[in-house]
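Encoded as structure tokens, the structure appears first; notes follow it.
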């Protein structure tokens, strides 16, 4: 009887793809109370972000010149592990600069989400995106006061265990050309997770 059960288990594994098995296990765990109902496997695309970071920032200023500064960032799970929250503290043009970010997965649209606000602009900017190859691309479609449309893209790349790069760029022509406005290099703080 055990042999039939083992064969049946192997047959089930062959029938389901790895992603489907993970989804089914997560659903089973959620119904047993082990995993929050808001958990979605796709959210794991953001897992590399968790930790305490030292950040080297290069920001394009209004006059086109670049400013190099440093910052610290802490990114951790919240809401039963279903979102990540980033708090970045640094400076910009000799003033304190703070960023608050939320990372999530929207199960309705099947897209990654990124919500950003900072002490420079004060607005809530909701980006949507996806993982493409080794990068995570998050876009915000923005209409300026004069009616012009701008796409703002944040791309996470060069993702390694203890570092990653972030770049922000703007396009006013639907993505045909891009102007880089910010580059950041995150390095994990020594002795931190």
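The values are calculated or read from the model by the stated rules, or taken from the named source; none is laboratory data. Since this is a predicted model, take the numbers as computed values, not measurements. Don't worry about glycine lacking a Cβ; one is built from the backbone with ideal geometry, like all the others, and counts go over all protein chains shown.
May I ask you to say which residue of 137, 142, 132, 112 is within 15 Å of the chain's Cα centre (by Cα), over 16 Å from residue 86 (Cα atoms) and at pLDDT below 95?
One residue alone meets the criteria, 132.
Among the residues of segment 52-61, are any within 30 Å of residue 36 (Cα to Cα) and either touching a residue at least 40 places away in the same chain (Cβ under 8 Å) or in contact with a helix residue (DSSP H, G or I) (Cβ under 9 Å, 6 or more places away or on another chain) (or both)?
First, the residues of segment 52-61 that are within 30 Å of residue 36 (Cα to Cα): 52-53.
Next cut, either touching a residue at least 40 places away in the same chain (Cβ under 8 Å) or in contact with a helix residue (DSSP H, G or I) (Cβ under 9 Å, 6 or more places away or on another chain) (or both) only: 52-53.
So far as segment 52-61 goes, yes, one or more of its residues are within 30 Å of residue 36 (Cα to Cα) and either touching a residue at least 40 places away in the same chain (Cβ under 8 Å) or in contact with a helix residue (DSSP H, G or I) (Cβ under 9 Å, 6 or more places away or on another chain) (or both).
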Please give the number of the condition residue 121 fails out of (1) free of Cβ contacts under 8 Å to residues at least 24 places away in the same chain; (2) within 14 Å of the chain's Cα centre (by Cα); (3) under 24 Å from residue 65 (Cβ atoms).
(2)
Against the condition in contact (Cβ under 8 Å) with a residue 24 or more places away in the chain, within 23 Å of residue 159 (Cβ to Cβ) and in a helix (DSSP H, G or I), how does residue 105 come out, does it pass?
no
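Give 80, 6, 44 a once-over and let me know the one that is at pLDDT 75 or above, part of a helix (DSSP H, G or I) and either more than 20 Å from residue 130 (Cα to Cα) or out of contact with any strand residue (DSSP E or B) (no Cβ under 7 Å at 6 or more places or on another chain) (or both). Don't jump to the end; show me each part of the working.
Values: 80 fails: part of a helix (DSSP H, G or I); 6 fails: at pLDDT 75 or above.
Only one candidate passes the filter, namely 44.
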